[in-house]
1. Roughly how big is the protein assembly as shown's charge dipole about its Cα centre, with Cβ charges of +1 (Lys, Arg) and -1 (Asp, Glu), in debye to the nearest 20?
2. Okay, which of the stretch A:1-20 sit inside 18 Å, backbone N to the point 7 Å along the Cα-Cβ direction of A:E30?
3. At what distance in angstrom do the alpha carbon centres of the stretch A:145-178 and the stretch B:12-39 lie from each other?
4. What's the FRET efficiency of B:S60 with A:Q81 using the Cβ-Cβ distance as r and R₀ = 60 Å, to the nearest 0.05?
5. List the aspartates and glutamates whose Cα sits under 15 Å from the Cα of A:K80, skipping any in the same chain fewer than 8 residues away.
6. For A:A95 and A:V15, FRET efficiency with R0 = 35 Å and r from the beta-carbon atoms, rounded to 0.05?
7. Any idea what the relative contact order of the stretch A:59-242 is, in percent, if you count C-alpha pairs under 8 Å spaced at least 6 apart?
8. How large is the helix-only mean residue ellipticity at 222 nm for chain B, computed as the sum of -39500 (n - 2.57) over DSSP H runs with n ≥ 4, divided by its residue count, in deg cm²/dmol to the nearest 500?
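The values are calculated or read from the model by the stated rules, or taken from the named source; none is laboratory data. Here the structure is a predicted model, which is why all the values come from computation and not from measurement. Counting neighbours? That spans all protein chains shown, and the Cβs are built from the backbone with ideal geometry, glycine included. Surface accessibility is based on the protein's heavy atoms, side chains included, excluding ligands, DNA and RNA. Shrake-Rupley method; radii C 1.70, N 1.55, O 1.52, S 1.80 Å.
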Amino acid sequence: MTISWTGLAVSLVLVVVAAGISLAWRLGLERSIVWAAARALVQLLIVGGVLALLLLPGVSLWWSWLWVAAMLGYAAYTAKQRAPAVPGLLPVAGAAFLAAGAVCLVVLFGLGVFPLTSRTLVPMAGLIVGNAMTSTVLAGRRLSEEFADKRAEIEARLALGQSGRDAARPYLRGVLRSALSPQIETTKATGLVFLPGAMTGLILAGVPPLQAVLVQAVVMFLVLAAAATTTSVVALGLVRRLFTPDDQLLALSRERT
Amino acid sequence: MTAGFVLRGVTVRRGDHTVLDAVDAEIPGQGVTALWGPSGAGKSTLLRLLDRLDVPDDGSITYEGTALDEMDPHELRRRVGMVFQRATPFAGSVADNLAVAAPDADRDAMGEALRRVSLDPELLDRDADTLSGGELQRMCLARTLITEPETLLLDEPTSALDATPAREFERTVLALVDDGDLTVVWVGHDDAQVRRVADRVLELRDGALVESREWDLTRGRTS
């Protein structure tokens, strides 16, 4: 199944519906809605164009790796922008994405789930990094909020002679649990409550449903592993940055989430 | 009189505000020294510097002749214990709380730690959250004392307590001081309490030490 440019143009009616609702309720979001839709469309067209170039015969796989590296850098920057109150998030996020990418890509390509080609590498890396970014922002915010809330307890532990890492440990587990729970809940509801994006896209594109389901299952496991790896690297990396070398807990401001 | 803490030119700033302004002070390594002053005078900030939970922007602090920034902070905090204004129970039982401070302590040692602060050793298995305010603060005291510190920093430890448990807490601390080698630095803003507990008083106002007025201290000596 293919979609024509006319079809795409007609689908813009749906954006108009969203903007119309905003107008009717005087939400003042019309501009944002139109801007978001336009921006997404342009970004997708650019991505599609570049992907088409990468998939041309004879184009080196290194260009795809370069794209993956650029995604990583941009995602780390975006995570930092979304959680500005979390100290030192940029390098920690970068390390977390690398770790999640390494774990997931080694399993996917190293163990032969997918063949390593531009067609598989770029979308899979995009999925990993995109989900890892969400997990990073969530874990970073939860961690600095938890440490701001439990400051008195953590300092009481420090005052008993514990190291920063030991003083932080009891609170880390709770942060990891709450940062991972949404992903687990989403995974549980898949198929019952909603049909996830990859599967929907494949079915619309004419792929047999069973094949679409298998791909979607791999994607879900990938997202779960990416979230777990990212969250634990972010938690461990940030804990080191929340204490000075002399184990004083840095001042943390709570931010709105 | 032994060395204890010596502060020279200790300054702490928070943005444009100077919390402590070039404080010079000596806190001897014995008895009870009170840091007295109104709210916002910088008492708690000064106390936190002594346990290296914060560091000054300028100036130096020595403990027993060694600069704090040259000491291992964990060793310093084992030698200099601190009890905070609000009780800070950790999750779990009273025994779990004591085990955070002294992981190797057996139940006898824990029971003894509770007895030292006039708590019943039967409380060891109680969930810390079920203790009364006065019991909680004494459990925190026991938790600090089980690490056997030489000096105890108390940051307005009775301000959240009613009069009776507050007086019991005072008596417990003074008995420990009179019993042995424990030195206490007691931050407070209640004149009457300072007169009851202190051997000497350092008076802070607006981040600076001021010439102390004559205190009629029950425990005998004036500053």
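1. Dipole size: approximately 2740 debye.
2. Only A:12-20 fall inside the zone, counting backbone N under 18 Å.
3. One Cα centre to the other: 27 Å.
4. On the way: r = 40 Å, r/R0 = 0.67.
The formula returns an efficiency of 0.90 here.
5. Reachable aspartates and glutamates: A:E255.
6. Working: r = 38 Å, r/R0 = 1.09.
Here the calculated transfer efficiency is 0.35.
7. Taking the mean separation of contacting Cα pairs over the length of the stretch A:59-242, I get 33 percent.
8. Working: 7 runs with 70 residues, N = 223.
Computed ellipticity for chain B at 222 nm equals -9000 deg cm²/dmol.
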